[in-house]
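K.L.:
Here's a structure for you.
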Amino acid sequence: MQKSIVRFDVTRNDHNFRVPWDKRAQSVSKLGAVIDGNEVLTTAQGLANHTLVRLQKGGRGRWFNGEVKWVDFQANLAVVGVSDEIFWSDLTPIQFAEADELRDDLQVVRWRAGNIERRAAEFSRFTVADANFNQAPRIELKASSEIEGAGRGELMVSGAKVVGLVASKSGSTCSVIPAPFITAALKLRADGNYRGLGYFDFIWQPASNPATTEFFELNGPARGVLVIKTSTRPGAKSPLNLHDIILEVDGFPIDIQGDYLDPDYGHVIMEYLACRNKWAGDIVKLKVWRDGKTQQIDYTLPKADFTENLVTDRPEGAEPTYLIAGGLVFVPLSAEYLSSWGKDWQRNAPFRLVFYNNQKPEKAQRSLVVLSLVLPDFYNIGYQERNAQNLVLDKANGLRIDTLKSLANALKSPEDGFHVFEFKKGSALQKIILDAEKLDAANQRIAKRYRIAQFQKLQ
Amino acid sequence: MRIIFTTLLFASLASLASAADMGRSVVQVLLYSQTPVWDAPWRSNPVAASSGSGFVIDGERVMTNAHVVSWAKQIVLRRFQDPRPWQAQVEHISHECDLAVLKVTEPGFFDGLDPLPIGELPKVRSTVVTCGYPSGGEQISYTSGVVSRIELQNYVHIGNKAFLSVQTDAAINPGNSGGPVFQDDKVAGVAFMGIPGLENTGFFIPPAVINHFLEDISDGRNDGFPKAGIRIVSLQNPAFRRYLGLDPTGDGARIDSLSDYAQKAGLLKKDDVVLEVNGSRVGSDGTILLDGNRVYCTAVLQSAQKGQQLKMKLWRERKEIEVAVPMDIHLEDANTGNLYDSLPRYFVYAGLVFTPLTLDYVKTFGRNWRGVANLEMVYELYYQRNEKPEKVRPEPIVLAATMAHPVNADLRLVNRAMIDEINGRRIESLEDVIAAFKDNPKDQHMIKFASGTVECLDKAGGDSANAQILSTYGIPSDRRL
């Protein structure tokens, strides 16, 4: 194994979405595994906004420059190449385990202080990961181990075969991306056919209450789940109807908890059927109960891409965008912005902003722009109080605002020498006026005083 | 120096002497009270004992704080150095401004007790003396201090309203509540609250608020404080002032938003600049000058009684205009404040307990209720009215609890959930819930929650289990309306 496992040292820019012009260099160390074709496989974590990727083999000695050749943050996988041939001498690719080889004699392997460290691990179960924000369902192998500080791409092995990469560890439980998922993704990538992960965009509830199934006239034994939202995607047309009962997915019967019996992984939640040998764009066959009879439905898996949500969720690694007008800092209302309140953002971020995450975009306003903070300058006196923070823009100079671009555009046409900002009904402050003529001078002064190199970054 | 010092000493002694005389008219209020359990609304919490202070005012009445006598089961008064208990009743109570007036029917109580006159708003830095029966002893207690500042403060008893309030460094402790604060030989306020964590800060209710309450109840009814339904914000940005055609450094604050009713009335408009309210000049930060203190102009808006008109001088479309704004009582936000003295409404069907969504209800989730309550609940309670008034439910209803029984045992969502529809009927009040269950032609009842989750109940089973569930769980009646 020591000829197949390498160390990474990644330098990246960490962004603070509440101070969007601020970049902080961060260094991440992790591990990876040599795969066929002179490439190294690792997790996608820590690779967003990387500025330098270095690799080291043998646990000591020289570092080589690497290049990220492929990364999918939804799948949490990345492939890194090294152009220097010397690196590849005496390295051998790993061998992945098959689905029926994932449970026994597990060990976590990594480099530590120049030596290979191996720690025993014990298989626990397969589960579909809970998503913090928008995320495609991911199957994870859970195993317990005493190894300290794991979760940076260490290899989980069984004998000579690799069972998966350790993506995270909480308490003594390691979450491992299992080998069959990795090999399927790598194969599609090799074939030039990788389409990314799909997901179910509908919301269901367990149909465990017999009175509920009776109400929807489902006869026979208790089974299936009840659809309570046909699609969470903006503007999507779903083949499902509200209150359809999903009985089977790709031939697997769904139980009243919403689980099915997977031949490889045991009882897991049906969300995983969006990923079980399926990828974005593939068709999943649903058997549903509708209007007193069963019906077959072809459901096309949407790509796990949430950029069109009202609270936009841009691909990881996209730099924060912003527009500063006279010290008013405008940012898109995004998943990253809400996440800047930390893991518990649902509780800690301003309630009104969090609630937009439950709402769908409207035709006139597909996304939202927030006044996130005010950089004090006498030009913006009167707007520096707390009530002028985290307000969502409705219009600027009479134009509806949905993106920073539309805001930049609106700022080109002031009304009689004034910029008029109107915030959403119900906001703690609904209107702000700025002097249009003095805006440029104020921008220069504020950018200089607060040492901001660029007062806007729209893309 | 010496002479001045002596004079000062004399003056302060004189003030204490007169306070001591007036102290005869200060009484101790002993309360037994019982509050309801908001998520099991037929139940009550254990009876609690507490005490406060009060004082005699004209008309053979005793004034105290509303919070001293809320949810009263028994009110007993004790006179100065008189061992006898005297029973009292609440005559009028205003939970908004935390004041109450008590009556004593037993003859003789007021013998020898002079009514205390209500004086003027004291000046900042002037000396005041508090008087009452704070904890830490049995006898009447006096403390003195200076008036620290005067401004609008949130009144914690109601929780969602701010009124004029005077801060002092005279010690105000539990039990002082409802007692008078003296200046010279008059009452300058009613002691009512402190702020935990702040030292040497006590607050008292100033004469303007006391007199408003007394005038309000003089017709035998407590109407409350009317509202104009406007949100006034500072207007200090020079560009905004020029945009409205005003001098960049002049007076006047801006109406930023209007409540639904003010919008409909049409008298006041967004971007109106309030220059004067009842003759008081409004500064660009929204404050007026009140007896030498700058306080937020809401203090003047609150001086009106129900049905009165308030004169406002406005700047609208680059012209000065005058309007007379009718001031009315609007209780639309009552459920976001603490509720008192009337027991919670509820309806129980098949063990499912329905009750209105109120602040008191969500507080049963614990101090951190905002993190526990689901988003729809918080939105309905605090945001819907301002954002989509047309969608507001007059009385949003929650499923507070489910009393377990085979008929409801298969429900997964059993409490802390807001109701959207029952049997296809949009639920806007407890009466809607009752009607929806009653008029259902189907074999199952279908409850749709605000989150979209659906739960059904067998109708025949529910109907027949009702009485048994009530008796099993000791619920005296299936409803309180």
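K.L.:
How many residues are in a helix (DSSP H, G or I), surrounded by 21 or more Cβ atoms within 10 Å (Cβ to Cβ) and touching a helix residue (DSSP H, G or I) at 6+ places or on another chain (Cβ under 6 Å) if we restrict to segment A:315-357?
P.N.:
Residues meeting the conditions: 1.
K.L.:
Right, next: Looking at this structure, is A:Ala236 buried (at least 20 other Cβ atoms within 10 Å of the Cβ) and touching a residue at least 60 places away in the same chain (Cβ under 8 Å)?
P.N.:
no
K.L.:
Can you spot a residue in segment B:440-450 that is surrounded by fewer than 16 Cβ atoms within 10 Å (Cβ to Cβ), touching a strand residue (DSSP E or B) at 6+ places or on another chain (Cβ under 9 Å) and farther than 18 Å from B:Gly351 by Cβ?
P.N.:
yes
K.L.:
Could you figure out which of (1) at negative phi; (2) within 14 Å of another protein chain (Cβ to nearest Cβ); (3) of a type outside the set (Asp, Glu) isn't true of B:Gly286?
P.N.:
Here B:Gly286 clears every test but (1).
K.L.:
Determine the pairs where a residue that is among the polar types (S, T, N, Q), located within segment A:293-320, has a partner that is surrounded by fewer than 19 Cβ atoms within 10 Å (Cβ to Cβ) with Cβ atoms under 6 Å apart, the partner being 6 or more residues away or on another chain.
P.N.:
Sorted first by the residue in segment A:293-320, then by its partner, the pairs are A:Thr300/A:Ile283; A:Thr307/A:Arg314.
K.L.:
Could we say that B:Gly23 is part of a loop (DSSP other than H, G, I, E, B) and either loosely packed, with under 14 Cβ neighbours inside 10 Å or at pLDDT below 95 (or both) here?
P.N.:
For B:Gly23, the condition - part of a loop (DSSP other than H, G, I, E, B) and either loosely packed, with under 14 Cβ neighbours inside 10 Å or at pLDDT below 95 (or both) - is not met.
K.L.:
Check segment B:298-316 and report whether any residue there is free of Cβ contacts under 8 Å to residues at least 24 places away in the same chain and outside the structural domain of B:Thr453 (by TED's automatic domain parsing).
P.N.:
Scanning segment B:298-316, I find at least one residue that is free of Cβ contacts under 8 Å to residues at least 24 places away in the same chain and outside the structural domain of B:Thr453 (by TED's automatic domain parsing), so the answer is yes.
K.L.:
Of all the strands (runs of 3 or more DSSP E) wholly in segment B:242-294, which have at least 1 residues that are of a type in the set (Ser, Thr, Tyr), in the same structural domain as B:Ala304 (by TED's automatic domain parsing) and more than 13 Å from B:Trp315 (Cα to Cα)?
P.N.:
Of the strands (runs of 3 or more DSSP E) lying wholly inside segment B:242-294, those with at least 1 residues that are of a type in the set (Ser, Thr, Tyr), in the same structural domain as B:Ala304 (by TED's automatic domain parsing) and more than 13 Å from B:Trp315 (Cα to Cα) span B:253-258, B:287-290.
K.L.:
Within segment A:94-116, is there a residue that is modelled with pLDDT of 95 or more, closer than 27 Å to A:Gly317 by Cα and not β-branched (Val, Ile, Thr)?
P.N.:
yes
K.L.:
Are any of the residues in segment B:404-414 in contact with an Asp or Glu (Cβ under 9 Å, 6 or more places away or on another chain) and over 24 Å from A:Gln257 (Cα atoms)?
P.N.:
no
K.L.:
Taking the condition of being within 30 Å of A:Phe202 (Cα to Cα) and either at pLDDT 95 or above or of a type outside the set (A, V, I, L, M, F, W, C) (or both), how many residues in segment A:127-163 meet it?
P.N.:
10
K.L.:
Regarding segment B:221-238, can at least one residue be identified that is within 30 Å of B:Val129 (Cβ to Cβ), at pLDDT 95 or above and surrounded by 14 or more Cβ atoms within 10 Å (Cβ to Cβ)?
P.N.:
Yes, the conditions are met somewhere in segment B:221-238.
K.L.:
Of everything in segment B:466-481 that's surrounded by 15 or more Cβ atoms within 10 Å (Cβ to Cβ) and at pLDDT 95 or above, which residue is farthest from the chain's Cα centre (by Cα)?
P.N.:
Residue satisfying both the conditions and the ranking: B:Ile469.
K.L.:
Would you call B:Phe163 assigned by TED's automatic domain parsing to the domain that holds B:Val26, in contact with a Cys (Cβ under 9 Å, 6 or more places away or on another chain) and more than 22 Å from B:Met22 (Cα to Cα)?
P.N.:
Yes, satisfied.
K.L.:
Looking only at segment A:247-257, which residues are within 14 Å of chain B (Cβ to nearest Cβ) and at pLDDT 95 or above?
P.N.:
None - no residue of segment A:247-257 is within 14 Å of chain B (Cβ to nearest Cβ) and at pLDDT 95 or above, so the list stays empty.
K.L.:
Quick test for you: out of B:Ser148, B:Ser218, pick the one residue that is farther than 17 Å from B:Met22 by Cα, surrounded by fewer than 21 Cβ atoms within 10 Å (Cβ to Cβ), of a type in the set (Ser, Thr, Tyr) and free of Cβ contacts under 8 Å to residues at least 12 places away in the same chain.
P.N.:
B:Ser218
K.L.:
I'd like the full set of residues that are surrounded by fewer than 21 Cβ atoms within 10 Å (Cβ to Cβ) and within 12 Å of chain A (Cβ to nearest Cβ), limited to segment B:348-368.
P.N.:
B:Asn368
K.L.:
Just one of the numbered conditions (1) touching a residue at least 24 places away in the same chain (Cβ under 8 Å); (2) within 14 Å of another protein chain (Cβ to nearest Cβ); (3) within 21 Å of the chain's Cα centre (by Cα) is not true of A:Gly342; which one?
P.N.:
With (1) touching a residue at least 24 places away in the same chain (Cβ under 8 Å); (2) within 14 Å of another protein chain (Cβ to nearest Cβ); (3) within 21 Å of the chain's Cα centre (by Cα) applied to A:Gly342, the lone miss is (1).
K.L.:
With respect to B:Tyr296, determine if the residue is in contact with an Asp or Glu (Cβ under 8 Å, 6 or more places away or on another chain) and either hydroxyl-bearing (Ser, Thr, Tyr) or buried (at least 20 other Cβ atoms within 10 Å of the Cβ) (or both).
P.N.:
Yes; evaluated as a whole, the condition is true for this residue.
K.L.:
Can you find, within segment A:362-380, the residue that is nearest to the other protein chains (Cβ to nearest Cβ) among those that are surrounded by fewer than 16 Cβ atoms within 10 Å (Cβ to Cβ) and assigned to a loop (DSSP other than H, G, I, E, B)?
P.N.:
It comes out as A:Pro376.
K.L.:
If you scan segment B:425-462, which residues turn out to be in contact with a helix residue (DSSP H, G or I) (Cβ under 9 Å, 6 or more places away or on another chain) and more than 12 Å from every other protein chain (Cβ to nearest Cβ)?
P.N.:
B:Arg425, B:Arg426, B:Ile427, B:Phe437
K.L.:
Please note which strands (runs of 3 or more DSSP E) are completely contained in segment A:125-233 and include at least 3 residues that are within 14 Å of chain B (Cβ to nearest Cβ) and crowded, with 21+ Cβ neighbours inside 10 Å.
P.N.:
Counting at least 3 such residues, we get A:225-229.
K.L.:
Ok, one more. Only strands (runs of 3 or more DSSP E) wholly contained in segment A:1-42 count here; list those with 3 or more residues that are closer than 30 Å to A:Leu373 by Cβ, touching a residue at least 24 places away in the same chain (Cβ under 8 Å) and not hydroxyl-bearing (Ser, Thr, Tyr).
P.N.:
A:5-15
K.L.:
Tell me, please, whether a residue that is away from chain A (no Cβ under 14 Å), in contact (Cβ under 8 Å) with a residue 12 or more places away in the chain and surrounded by 21 or more Cβ atoms within 10 Å (Cβ to Cβ) can be found in segment B:369-391.
P.N.:
no
K.L.:
Separate question: Here are some residues: A:Val374, A:Val420. Which one is closer than 16 Å to A:Trp21 by Cβ and modelled with pLDDT of 95 or more?
P.N.:
That would be A:Val374, the only listed residue that is closer than 16 Å to A:Trp21 by Cβ and modelled with pLDDT of 95 or more.
K.L.:
Taking B:Leu244, is it under 27 Å from A:Gly426 (Cβ atoms), within 14 Å of chain A (Cβ to nearest Cβ) and modelled with pLDDT of 95 or more?
P.N.:
So B:Leu244 fits the description; yes.
K.L.:
Within segment A:389-426, which residues are facing chain B (nearest Cβ under 8 Å), under 24 Å from B:Tyr382 (Cα atoms) and in contact with a strand residue (DSSP E or B) (Cβ under 7 Å, 6 or more places away or on another chain)?
P.N.:
A:Lys424, the sole residue that qualifies.
The values are calculated or read from the model by the stated rules, or taken from the named source; none is laboratory data. Bear in mind that the values here come from a model prediction, so they are computed numbers and not experimental data. Quick reminder, even Gly has a Cβ in these numbers, built from the backbone with ideal geometry, and neighbours come from all protein chains shown.
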